[in-house]
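Below you'll find the structure, written out as structure tokens, and then a few comments.
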Amino acid sequence: MTAPPPVSAGTADTNRNDDTARASLEALRSEIAKAVVGQDPAVTGLVVALLCRGHVLLEGVPGVAKTLLVRSLAAALELDTKRVQFTPDLMPSDVTGSLVYDARTAEFSFQQGPVFTNLLLADEINRTPPKTQSSLLEAMEERQVTVDGTPRLLPDPFLVAATQNPVEYEGTYPLPEAQLDRFLLKLTVPLPSREDEIDVLTRHADGFNPRDLKAAGIRPVAGPADLEAARAAVARTSVSPEIAGYVVDICRATRDSPSLSLGVSPRGATALLSTARAWAWLTGRDYVIPDDVKALALPTLRHRVQLRPEAEMEGVTPDSVITAVLAQVPVPR
């Protein structure tokens, strides 16, 4: 039997750094659970988005801890965070910042808006008109803000976590397809189970204050250095030609679905490959398998498809269409 090749010192150090970064990010779940009960899929989705340098749309009815989830994540990662409450009268400059006249110097200076942070919580983003919604497009795509012709870079890491009420609620402005496509993931935050809801009430009865995360015991368990090491490890996660073809076949199948008027674009295929790589690394592998693609297909693709009116009237949902596509597309072996 041939002996395996020796592991170089550089490779050993890389593997050790990868394991340390993975352990730090895995600790986020238990740390955030000190404040948020029963939302593990949403926590995982936010971590995947950070690894992929993407953004997240959180959808759920009011009162299911969407805001608390984002604040807890920022506290556990030791990231700067700011919150913007999107309302019908919010202006784009309220988000990006604006030029302010200084009477002492007789000059205009740029006053940064809340978008200049690591983790921006865009609360109830669909309650503000499209003009203000679009103020985030450049920030999300280019990671910069241009005011008066001057581009200004945003911090790194930078993630927009936008919360959204279901569109059937009154006073909402559905996000246009072009903006939805800028979000890497759309995560649904469901109502808690009976047991989880009892746990929430018990914590409040014992004195839990959602506005005081330090008192809840949340402490930083990871930081920007861990995140950067993790991103580098994800970039080294290998993808075989068969897996790439599988991702393409899934996305192309949505374009042929009779229930959809709009299927997944090539940008969506790229997003699915990115999230599958991040999930593969989080689960301890340096290569992607079909199950990784399946695990991230719904949150990555559900907001990138558009139902036909007749299908919507029949009760068809984007999730049901994507699930059917996953069942039909042959899985590589």
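Solvent-accessible area of region 230-329 (1.4 angstrom probe, protein heavy atoms only): carbon and sulfur portion equals 55 percent. Which FRET efficiency, nearest 0.05, do THR146 and LYS82 yield, Cβ-Cβ r, R0 22 Å? With R0 = 22 Å, the Cβ-Cβ based efficiency is 0.65. Along each principal axis, taking the top coordinate minus the bottom one, the Cα set of region 227-306 gives 41, 25, 17 Å in descending order. By definition, a body whose alpha carbon gyration tensor gives a ≥ b ≥ c is oblate when a/c is 1.5 or more and a/b is not larger than b/c, and region 166-322 fits this oblate description.
Along the axis of the charge dipole computed for the chain (Cβ charges of +1 for Lys and Arg, -1 for Asp and Glu, origin at the Cα centre), the listed residues VAL248, GLY315, PRO258 are led at the positive end by VAL248.
Which of rounded, prolate or oblate describes region 121-173 when judged by the alpha-carbon gyration tensor and an a/c cut-off of 1.5? Taking the square roots of the gyration eigenvalues as a ≥ b ≥ c, region 121-173 is oblate. Rounded to the nearest 20 debye, the dipole magnitude of the chain is 440 debye, with +1 charges on Lys and Arg beta carbons, -1 on Asp and Glu beta carbons, and the Cα centre as origin. Scalar couplings 3J(HN,Hα) for region 238-253, obtained by applying the Karplus form with A = 6.51, B = -1.76, C = 1.60 to θ = phi - 60°, are 7, 10, 6, x, 5, 5, 4, x, 4, 4, 5, 5, 4, 5, 5, 5 Hz; x denotes Gly and Pro. For region 222-329, the per residue solvent-accessible surface stands at 45 Å², with DNA, RNA and ligands left out and a 1.4 Å probe.
What separates the Cα centres of region 311-333 and region 187-233 is a distance of 32 Å.
At 10 °C and 1.306 mPa s, what whole-number value in µm²/s does Stokes-Einstein give for the translational diffusion of region 99-253, with Rh from the Kirkwood sum over Cα pairs? D = 79 µm²/s. What a 1.4 Å probe finds exposed on region 79-178 is 51% carbon and sulfur by accessible area, rounded to a whole percent.
Rolling a 1.4 Å probe across the protein heavy atoms gives region 24-78 an accessible surface of 29 Å² per residue. Using bins of 5 Å that start at zero, the share of Cα-Cα pairs per bin across region 47-143 amounts to 2, 11, 20, 23, 19, 12, 6, 3, 2, 1, in whole %. With a ≥ b ≥ c taken as the square roots of the eigenvalues of the C-alpha gyration tensor of region 171-260, please select rounded if a/c is under 1.5 and otherwise prolate if a/b is larger than b/c or oblate if it is not? Oblate shape, in that a/c is at least 1.5 and b/c is the bigger or equal ratio.
Over the residues of the chain, the helix contribution to mean residue ellipticity at 222 nm works out to -13500 deg cm²/dmol, using -39500 (n - 2.57) for each DSSP H run of at least 4.
Dipole magnitude for region 177-229: about 180 debye, using +1 per Lys or Arg Cβ and -1 per Asp or Glu Cβ, origin at the Cα centre. Scanning the chain for GluC sites (Glu not before Pro) in DSSP loops with at most 10 neighbouring Cβ atoms within 10 Å leaves 1-167 as the longest stretch between them. Per the Debye formula on identical point scatterers at the alpha carbon atoms of the chain, with no solvent, log10 I(q)/I(0) at q = 0.08, 0.11, 0.13 Å⁻¹ is -0.42, -0.79, -1.07. Checking every one of the trypsin sites (Lys or Arg not before Pro) in region 202-309 against DSSP loop status and a limit of 14 other Cβ atoms within 10 Å picks out ARG211, LYS214, ARG236, ARG285.
In this structure SER238 has an accessible area near 60 Å², from a 1.4 Å probe over the protein heavy atoms. Proximity of backbone amide H atoms, modeled 1.01 Å from N, is registered between TYR173 and ARG127, THR128 at under 5 Å, excluding neighbours fewer than 5 places apart on the same chain. Close amide-amide hydrogen proximity is noted between THR163 and LEU58, ALA122, ASP123, GLU124, ILE125, each under 5 Å apart and 5 or more residues distant or on a separate chain (H modeled in the peptide plane; Pro and chain starts excluded). A simple charge model with +1 on the Cβ of Lys and Arg, -1 on the Cβ of Asp and Glu and nothing else charged puts the dipole of region 127-254 at about 280 debye relative to its Cα centre.
The values are calculated or read from the model by the stated rules, or taken from the named source; none is laboratory data. Predicted, not measured: the structure shown is a model, and the values here were computed from it. Positions of Cβ are backbone-derived with ideal geometry, glycine not excepted, and every protein chain shown enters the neighbour counts. The protein model used for the area step is the full one, side chains on, heavy atoms only, and it has no ligands, DNA or RNA in it. Shrake-Rupley method; radii C 1.70, N 1.55, O 1.52, S 1.80 Å.
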